[in-house]
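The values are calculated or read from the model by the stated rules, or taken from the named source; none is laboratory data. On a predicted model such as this, the values are computed, not experimentally measured, just so you know. Note that we place each Cβ from the backbone using ideal geometry, even for glycine, and neighbour counts take in every protein chain shown. Protein only, heavy atoms only, side chains kept; ligands, DNA and RNA dropped before computing areas. Shrake-Rupley method; radii C 1.70, N 1.55, O 1.52, S 1.80 Å.
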Amino acid sequence: MTVFTSLSRSQWLGLSVLAALVLFTAIETLVYRGDPAQQSLSQVFAAPSWQEPLGRDHYGRSNYARLGSAITTSLLMALVSVATSAALGLLTGIIAAWKGGWWDKSLSWLVNILLSLPGLILVLLFGAMVPGSFLILYLAISLMLWVEYFRVVRSRTLVLLRSAEIEASRLYGFGVWYQFKRHLWPELKTDLFTLGCFGAGNAILALASIGFLYVGLKPPEAELGLMMVELFRYYQQAPWVLMQPIAVVFLLVMSFHLLAQGKQS
């Protein structure tokens with residue numbers, strides 16, 4: 001309960017939008033149970049109905065089923081990428097700051113190499129090597145997000161290690177785990193939460209961007225960027241269908257960015 005009472009208005013709005021999208025997907029999965037890949041050429045661009053609340057696309061596929069599947073894919077990518085990059089960034093950032101020397105130089109050197117390439121270019125390179133692989137895209141996006149976690153955690157830990165509290169814990173003989181749990185984690189968790197929210201939005205944007213460039217997930221996979229590029233040629237014929245994945249990407253990214261605002265430690 002303490003977590004929810006500390007949320008700001010913008011965070012409540014972001015959480016509400018995200019919950020609405022999850023509910024949207026759950027209703028499709030549990031009630032409509034549509035097949036996102038099933039075609040019906042006799043119903044191309046069919047208007048919304050009780051059976052198909054969002055109508056059908058250029059192959060007569062259910063827009064509701066495809067959006068539900070695409071939202072699930074985007075949220076799964078965001079969740080696993082953020083969890084992986086946060087855990088790796090926390091571990092390597094603390095190691096680099098705590099041990100210094102060779103550890104710090106090696107990890108910082110790796111970060112500088114990754115920073116020499118724009119994040120989206122890195123994801124594009126990975127996606128081009130193994131087209132259509134969710135695993136490869138997950139690894140690329142996680143690597144892209146890890147850089148920011150490492151830099152923030154390392155910088156904050158270097159400052160905290162010089163604090164009087166850490167020095168006192170060392171003098172009293174407390175171990176590394178106690179120092180992390182008692183002094184480092186309370187100071188780092190707010191930064192990790194903020195980075196995680198922005199990272200989730202960036203992961204969704206990256207997946208949609210490479211899908212729009214047609215080097216991400218491949219048909220008949222339902223993915224927001226891929227849906228946009230497939231439907232773009234029909235924007236005059238059925239603009240309402242094209243607007244659906246665009247609106248979903250906007251709402252997903254906005255919800256995570258709103259969640260990142262005003263977090264209290």
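Brief remarks on what is shown
- Inter-part distance where the range 105-139 and the range 211-265 are each reduced to a Cα centre, Å: 22
- If R0 is taken as 51 Å, the Cβ-Cβ distance between His58 and Leu171 corresponds to a FRET efficiency of 0.15.
- Taken about its Cα centre, the chain carries a charge dipole of roughly 600 debye when the Cβ of each Lys and Arg holds +1 and the Cβ of each Asp and Glu holds -1.
- Taking amide H as placed 1.01 Å from N in the peptide plane, the amide H of Arg56 sits under 5 Å from that of Phe45, Ala46, Asn63, each at least 5 places away or on another chain.
- Exposed-site-free run, longest, the chain (rule: trypsin sites (Lys or Arg not before Pro); DSSP loop; at most 14 other C-beta within 10 Å): 34-161
- The chain, helix-only ellipticity at 222 nm - DSSP H runs n ≥ 4, -39,500 (n - 2.57), divided by all residues, nearest 500: -23000 deg cm²/dmol
- Non-local lysine pairs in the chain, meaning eight or more places apart or on different chains, with alpha-carbon distances under 22 Å, amount to 5.
- Taking the 1.4 Å solvent-accessible surface of the range 71-260 as the whole, the part contributed by carbon and sulfur is 70%.
- Length added when fully stretched, Leu125-Leu76, from 0.36 nm per residue minus Cα-Cα: 15.5 nm
- Added length on full extension, which subtracts the Cα-Cα distance from 0.36 nm per residue, Ala164 to Ser108: 17.5 nm
- Two-site label geometry, Glu187 and His257: point separation in nm, points 7 Å out along Cα→Cβ: 3.1
- Cβ-based charge dipole, the range 30-100, positive-most Cα from Val31, Gly68, Phe45: Gly68
- Put a dot 7 Å past the Cα of Gln237, heading toward its Cβ, do the same for Ala87, and the two dots end up 4.6 nm apart.
- Helical segments meeting 15 Å axial Cα length and Kyte-Doolittle 0.5 threshold in the chain (DSSP H): 9-27, 63-99, 101-115, 119-129, 134-160, 185-212, 239-259
- Accessible area of the range 6-143 divided out per residue, in Å², using a probe of 1.4 angstrom: 53
- Heavy-atom accessible area, probed at 1.4 angstrom with all protein chains present, ranks Val44, Val153 as Val44, Val153, highest first.
- Take every pair of alpha-carbon atoms less than 8 Å apart whose residues are at least six positions apart; their mean separation over the length of the chain yields a relative contact order of 28 percent.
- For P(r) over Cα pairs in 10 Å bins from 0, in percent, the candidate list reads (1) 7, 25, 28, 21, 11, 5, 2, 0; (2) 7, 30, 34, 20, 8, 1; (3) 7, 31, 38, 21, 4, 0; the entry that matches the value derived from this model is (1).
- Ranked order, Ile141, Ile121 - accessible area, probe 1.4 Å, largest first: Ile121, Ile141
- Charge context of Ile95, other residues only, Cβ under 15 angstrom, K/R +1, D/E -1: +4
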